[in-house]
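The values are calculated or read from the model by the stated rules, or taken from the named source; none is laboratory data. No experiment lies behind these values; they were computed from the predicted model shown. Because the Cβ atoms are built from the backbone with ideal geometry, glycine has one as well, and the counts that use them run over all protein chains shown. Quick note on the areas: whole protein, heavy atoms, side chains included, nothing else; ligands and nucleic acids left out. Shrake-Rupley method; radii C 1.70, N 1.55, O 1.52, S 1.80 Å.
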Amino acid sequence: MFRYKALYLSLVLALIPQGLSATPHNSKRACSAGVDTANPVISFLDYQALSDAAVAAVAYLDEFHSSGKPVAGKALQCDRIRVRKEWRTLTRQEQKAYIKAEKCLRSTPDPGLVTGGNSSTKYTFSDGLTNAHATGFGRYHAGPKFLPWHRWLVWMHGYSMEQLCGYTGPVPYWDYTIDAGLHVYKAPVFSTDAEVGFGDGGSVPINELGGRAGGFIVDNGAFAKIRPNLPLPHYLVRNFTPDALYNPNNQYGIGLSDTYNRPARNRVLNATDFWQFETMIDGLDDPQFRSIHNSVHYMIGGDGQSFNFLDGTPWGGKQVFGANDPLFFLHHANVDHVWWEWQNKQKAYQYDFRGGEGAPDNNCDYLPLNTLGPDVPVGLALKTEWYPQCYTYAK
């Protein structure tokens, strides 16, 4: 069996009930809503404010589901709403500023986010974000928590740029539905421009981690020859054709385009409840789990693919390090953008959160953020215009 399929299927079977129908999300079980403020690892986060916002969010959602007339508490109010934009709409100066901030995170010392690492390795804040995504990844992949958990991670990445690196520009996303097709690898993000390009697929083959972790060094663009530290220090690699399944007739990437192009996006946006939306955007209804989310990981390959990339290594099936690739955050910002669009189609969609038939998933469930601040209830991540996330998307 195709290895990625086998691993992802094991996650699906273990974590979620089968079927596309869903149970209501507004169960009456007790919900404490608060967060643990006892261990403030990240100095620029206001842990008490996060706790207050969590309580306010759950109270708002309870009132929404009972009376339909909730009032957002002061703890959810934002000082300003930031606007996210598609990468190619940023000016060159904005792109340069974003790249500079990304590089800053990759040189800022880790404050203690990496756990269980090598004591001789000088980890960075960027490594910390990658580690948070890698640790216990089965708890927030291939299931209801996938979307809110990654929404929080992408927000933390952008907010960290603000707080640690002085970045004031928009958080970008990459709308690959524009590029899907024969020329997908000519998308602006794959530019080899040393100031604003994320680099292409490279030309120098290498395998520093063993197993199937081979690929091509990203040796051009603004991130040429960077060396992420997880799971061990190595060159960032990509592999635009990781498996023959994704490369029919040697047409690089084309075998996947119909699962992340505009029609695929429109199909996902026609979902009628959260669980159906999650099922489609995460490929849980596709035999090979191809989807807007997964197919772009497949298409990039290397570090950015994670699962299949680490097959045959000590980390295979246990951890994923996709956030090593700076494109990870533009990709997941786009996944979040599609979810945001769907949420804004109807008011009921905005606050919808549920699992498959019989699943107990609820907006009181906590997102296991590992070391990225305190665990927060799902409810706090359902509306991007609430504190602390405070953002929207350009229309």
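Among the residues of the stretch 338-352, what is the count of those that are assigned to a helix (DSSP H, G or I), surrounded by fewer than 14 Cβ atoms within 10 Å (Cβ to Cβ) and at pLDDT 95 or above?
Count: 0.
Kindly provide the set of residues from the stretch 157-166 that are surrounded by fewer than 21 Cβ atoms within 10 Å (Cβ to Cβ) and among the aliphatic types (A, V, I, L, M), ordered by number.
L164
R29 versus (1) assigned to a helix (DSSP H, G or I); (2) open to solvent by 20 Å² or more (accessible area, probe 1.4 Å); (3) modelled with pLDDT under 65: which is the lone unmet condition?
All conditions pass for R29, except number (1).
Please specify each residue of the stretch 308-322 satisfying the condition of being within 13 Å of H133 (Cα to Cα) and either touching a helix residue (DSSP H, G or I) at 6+ places or on another chain (Cβ under 8 Å) or modelled with pLDDT of 90 or more (or both).
Q319, V320, F321, G322
When you check T91 against the structure, is it within 18 Å of P377 (Cβ to Cβ) and β-branched (V, I, T), yes or no?
Judged against the criteria, T91 is not a match.
Which of the residues belonging to the stretch 210-236 are modelled with pLDDT of 95 or more, of a type in the set (A, V, I, L, M, F, W, C) and open to solvent by less than 20 Å² (accessible area, probe 1.4 Å)?
Within the stretch 210-236, I217, V218, A222, F223, L230, L236 qualify.
Under 7 Å between Cβ atoms, which residue pairs at least 6 apart in sequence (or on different chains) link something in the stretch 155-173 that is part of a helix (DSSP H, G or I) with a partner that is among the aromatic types (F, W, Y) and open to solvent by less than 20 Å² (accessible area, probe 1.4 Å)?
So the pair list comes out as H157/F329; S160/F125; M161/Y167; L164/F125.
So, in the stretch 365-385, exactly how many residues are closer than 21 Å to S67 by Cα, open to solvent by 10 Å² or more (accessible area, probe 1.4 Å) and not charged (D, E, K, R)?
Summing the residues that are closer than 21 Å to S67 by Cα, open to solvent by 10 Å² or more (accessible area, probe 1.4 Å) and not charged (D, E, K, R) in the stretch 365-385 gives 0.
Does F277 meet the test of being in contact (Cβ under 8 Å) with a residue 24 or more places away in the chain, touching a helix residue (DSSP H, G or I) at 6+ places or on another chain (Cβ under 8 Å) and part of a loop (DSSP other than H, G, I, E, B)?
no
Of all residues in the stretch 353-391 being polar (S, T, N, Q) and modelled with pLDDT of 95 or more, which is farthest from E278 (Cα to Cα)?
If we take residues in the stretch 353-391 being polar (S, T, N, Q) and modelled with pLDDT of 95 or more, then Q389 is farthest from E278 (Cα to Cα).
Residue by residue, here is whether (1) at pLDDT 95 or above; (2) more than 19 Å from the chain's Cα centre (by Cα) holds:
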residue	(1), (2)
A59	no, yes
K69	no, yes
A72	no, yes
Q95	yes, yes
C104	yes, yes
P111	no, yes
G116	no, yes
R139	no, no
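Report, by residue number, each residue of the stretch 353-395 that is farther than 15 Å from A56 by Cβ, part of a loop (DSSP other than H, G, I, E, B) and of a type in the set (A, V, I, L, M, F, W, C).
F353, A359, L369, L372, A394 - these are the residues of the stretch 353-395 that are farther than 15 Å from A56 by Cβ, part of a loop (DSSP other than H, G, I, E, B) and of a type in the set (A, V, I, L, M, F, W, C).
If you check I281, I300, which single one turns out to be within 25 Å of I99 (Cα to Cα) and either surrounded by fewer than 19 Cβ atoms within 10 Å (Cβ to Cβ) or of a type in the set (V, I, T) (or both)?
Step by step, each of I281, I300 is checked, and only I300 is within 25 Å of I99 (Cα to Cα) and either surrounded by fewer than 19 Cβ atoms within 10 Å (Cβ to Cβ) or of a type in the set (V, I, T) (or both).
Return the residues of the stretch 184-195 that are part of a loop (DSSP other than H, G, I, E, B) and either buried (at least 21 other Cβ atoms within 10 Å of the Cβ) or not β-branched (V, I, T) (or both); say none if nothing qualifies.
Across the stretch 184-195, the qualifying residues are A187, S191, D193, A194, E195.
Taking only pairs six or more apart or across chains, which ones have beta-carbon atoms under 6 Å, a first residue in the stretch 200-225 that is in a loop (DSSP other than H, G, I, E, B), and a second residue that is among the polar types (S, T, N, Q) and open to solvent by less than 40 Å² (accessible area, probe 1.4 Å)?
Listed pairs, sorted by first residue: L209/T313; G210/T313; G211/T313; A213/T313.
Being in contact with a Lys or Arg (Cβ under 7 Å, 6 or more places away or on another chain), surrounded by 21 or more Cβ atoms within 10 Å (Cβ to Cβ) and not aromatic (F, W, Y) is the filter here; which residues of the stretch 304-324 pass it?
G304, N308
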